[in-house]
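Some notes on the structure that comes next.
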Amino acid sequence: MATDDAWPFVGREPEQGAILTAAGGLRRGGVVLIGADGVGKTSLARQAQAGLAGTGWRTYWVAATRTGATIPLGALSHLVPAGDRAEDDQLTVMRRVVDLFGAGSRGAAVVVDDAHALDAASAALVYHLAARSPAFVIVTVRAGMPAPDAVTALWKDDVAARIEVPPLPSTAVADLIDRVLPGGVDGVSRAELARLAAGNPLLLRELVRAGRETGSLALRAGIWRWTGVRRVTSRLADVIAGRQADLDGSVTAALELVACGEPLPAAMLEQLVGPDVVAAAERTGLIVAEREGARTVIRFAHPGYGEVLRAGPPAFGRQPGYGRQAVYGRLATAMLSSPMRRAGDDLRAAHWAMLARMAVPPNVLLAGAGRALDRCEIGLAERLARAAHKAGGGWAASLLLAEALDRRGRYEEAAAVLPAPPGAYPDELTRWVRTRSSILYWGAGRPDAADRLLRTTPGDRLPADALRCWLLLFEGHCADALKAAADTLRTPGVPPAARVSAAAAATAAAGLRGDVDRARATYQLGTAIAGEHPNSLPWAPVQLGYAYGLGLLLSGQLAEAERLAEDGYRMAVAGGRPVPAGGWVALRGMVAKASGRFGPATALLREAVALLDGANTRQLIRLCLAELAGACAMAGEGEAAALWLRGAADGEGTDGPRARLFDAWVERNRAWVLATSDQPRRALRAARRAAALAVATQQPALEAWALYDIARLGDPRSVAGRLAQLAGTATGPLPPVLAAAAGALAAADPSRLEQASASLAGLGLLVPAAELASRAGQLHRRAGRAGPAKGCAATVATLLRECHPARTPMLDSADPFAELTLRERQVVHHAAAGRSSRDIAQLLQLSVRTIDNYLGRAYAKLGVSGRHELPFLLPPVSTQGAIVAR
């Protein structure tokens, strides 16, 4: 990570250009940079100073401070040589400074930082330098701060150009975050850090520093993950301390209420502190009033301030009774006495009451816990349910607590608090059955007992049937899950939540079975239902979309799957929802891996693992780890691939038994880890196991991929027939293409291989397409067909341009350099490594013209247009090294 002094300077090109333009002009004597505290005025001024110094200017730096302002001319006196100073004679000091920038001093600049803190004499001197000397003055002023008249006169009298320094634009903030946190930042963390910083690089720097110190910014799977302000460090507190100085006590009380409750209804704040105090607090510029629907709310003008104040000790504790607990008590009392008509008011009232340790009826806490559970704020739901349980909430509190613990994957604790089943009330019975069956399946590893509970519990069968669809799916009974889901969807009277759940299960099962048309139909049905109930079914779009995206991926519709995943990811990031974002970015990574873009795939899948780390996502993280292992293997990262594969095989990040549904996925990626670590026989055995597991778990779409892996790994004859059968039963464009490709490999027919390569490329499967083109080129060369062989080599180079690095056995075994002479191969490999013709000539003791001639002949034989395409044709590193060494 960048040190404090080495943070990149980004996003200020317009302002920097304006300064240099003014310095090169003749009319004005300087510029005044005006902006909020921490926005980067000083850094901009330093960059400008460095830019002028780099072109030969003499530059001087003046730092104004409140303390220095107590000494007249104290800020500028250091410009006078020590032996010439007459500190008791202001006029002498002023004359000597003026003399320093006298006639002939064009090309001299003085930078005055924080000029609003200058004493009157220093300010007058700065004005004189700008107005009546050849020197160029760069002045920074904090917006909203009173400044000496002479400083404001700089721009009012048009002596200096006024340049507003706004917050950094969002693109620059994102760039800055990526630069100072090498290795990558997950999208949700990047968006949240950018939101909190709000274009203020100083605050961003201290948030990053504090996060590193407190552990709220840490690496997960090699990706930086932000989990919120845990503890406020002294440096972070200092960033906002200056804005709170010298505030009236009643105003500080209002600000504390806003910090703990934002966005706070304006009417509530006025009720608590009075309209005059609210108006005075607004005049500080720290808080703003905004419309939110039909309600006016108060929040901090800078998003990061409220976050920091909430996480730190009470910032406004100067008045008796204004400790943090008391503040939350006042907020809770005010909310509970209001009509609480807006969705979420019950959650806020319960949360505030819990933080205040107020004695409130259990139903208040239960209402908040239920709302938090609906919103997937599981940690908060657990805390509120515990508080309700402790307050005597009885059976309802026990069930809510068990539900929250189950959703967090803490099954033993959930089983311990789950109450006895209710004797009546179908809704409560459904919730109880759902929680108990989850504990049995995921916690105890007893799928039969969970299935029996779902099938035999008396009462309303419809929600239980929807739950059973998912149990069947995870157990690998995809056909049975699809039938059960279809039965549920056909039955009248099914509640919306159960219908959406069944639709999502049906979408996933249909996609895994290769029936993408049916998957699309159930996805559209579930999406329509979810759209009618956005508040009560917040997870539905993610669940449905991910299920459908998986079907699109398996059917070869990569472009549509990628669009779906990217749209979902953007929405999840914008909403600050890490787990849904993790699911969507996992799908994006799987699409990139399938296409052969292994570099992006590894980055995306690592981000998915980071976002899903610690979340109970029903073993989705296991699928991510397996896919990450395969992507790393084919990117040439063998050690990392083995590490991720161990995590997937061991069920890392999962609770309870491993779902059989993902066993074939893990085994398929194991095959590629083995194949790229030079274990071809073991790789073939793993691919065959993957195909068998796909059959056992009723996933013919995945079986087709595993069978084609067997063909790619050297045994196409054994799978061509079965792939042809699958092509006749599945929908979507991919199965027939895979069958044709396997048949072409089995027949060793270069024309068919080229056709199949074009078909795979048309679907976006770039590396599989390159493999077939490479094999076709080999066959053409063996038959003495130089022209077609060159054409295949050019196709391989074009396909792999987006996929570098990419390593598979078929690509490794191909040698497009077979037609080159030894000297041509030497020259080509040096050129591919980035060496110029002159460097190669010196290395091989040949002329530059001879090197260019060798390259020209090699380009013609390889069918490429220039050296930029050579890296994509390189053989494995060991072979390359041997050739170059000769």
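The values are calculated or read from the model by the stated rules, or taken from the named source; none is laboratory data. Note that the structure is predicted; figures quoted are calculated from it, not measured. Cβ sites come from the backbone with ideal geometry, for glycine too, and all protein chains shown count toward neighbours. Surface areas here come from the heavy atoms of the whole protein model, side chains and all, with no ligands, DNA or RNA. Shrake-Rupley method; radii C 1.70, N 1.55, O 1.52, S 1.80 Å.
Key figures for this structure:
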read-out	value
Among 385-393, 225-233, the order from most to least packed when residues are scored by Cβ within 10 Å on average	385-393, 225-233
Projected area, mean over directions - the stretch 134-204, Cα convex hull, nm²	6.7 nm²
DSSP-defined beta bridges in the chain - what % are antiparallel, rounded to 5	35 percent
10 Å binning of all Cα-Cα separations within the stretch 392-528, expressed as whole percents from 0 upward	13, 40, 34, 12, 1, 0
For the chain, with +1 on Lys and Arg beta carbons and -1 on Asp and Glu, the positive-most of THR456, ALA420, THR697 along the dipole	THR697
Coordinate range along principal axes, alpha carbons of the stretch 102-232, Å, largest first	62, 29, 22
Kirkwood Rh in Å, taken over the stretch 393-441 so that all alpha-carbon pairs contribute	10.4 Å
Mean separation of Cα contacts under 8 Å (6+ apart) over length of the chain, as relative contact order %	6 percent
Scattering profile of the stretch 593-693 at q = 0.23 Å⁻¹ [log10 I(q)/I(0), Debye over alpha-carbon scatterers]	-1.20
Anchor LYS790: lysines whose Cα lies under 24 Å away (excluding residues fewer than 8 positions away in-chain)	LYS861
Å² per residue, accessible surface of the chain at 1.4 Å	41 Å²
Ratio of the Cα radius of gyration of the stretch 746-826 to 2.2 N^0.38 Å, where N counts its residues	1.05
Relative contact order (percent, whole number), the stretch 579-682, Cα cutoff 8 Å, 6+ residue spacing	25 percent
Equivalent-ellipsoid semi-axes of the stretch 169-295, from the Cα gyration tensor, Å, largest first	32, 16, 13
Kirkwood Rh and Cα Rg combined as Rg over Rh, evaluated for the stretch 568-616	1.00
Peptides ranked, highest mean first, by Cβ atoms within 10 Å: ranges 278-288, 54-64, 827-837	827-837, 278-288, 54-64
Relative contact order %, the stretch 345-495, counting alpha carbon pairs below 8 Å whose residues are six or more apart	13 percent
Over 14 Å [Cα-Cα, the stretch 709-770], rounded percent	51 percent
Carbon/sulfur fraction of accessible area - the stretch 380-428, other protein chains in place, 1.4 Å, %	53 percent
Globularity index of the chain, i.e. its alpha-carbon radius of gyration over 2.2 N^0.38 Å	1.17
Surface share of carbon and sulfur [accessible, 1.4 angstrom probe, percent] for the stretch 147-260	49 percent
Square roots of 5 times each gyration tensor eigenvalue, C-alpha, the stretch 665-718, largest first, Å	18, 12, 8
Surface accessible to a 1.4 Å probe, PHE9 within the full protein complex, Å²	60 Å²
Three principal axis lengths of the stretch 458-536 [C-alpha, angstrom, descending]	31, 30, 19
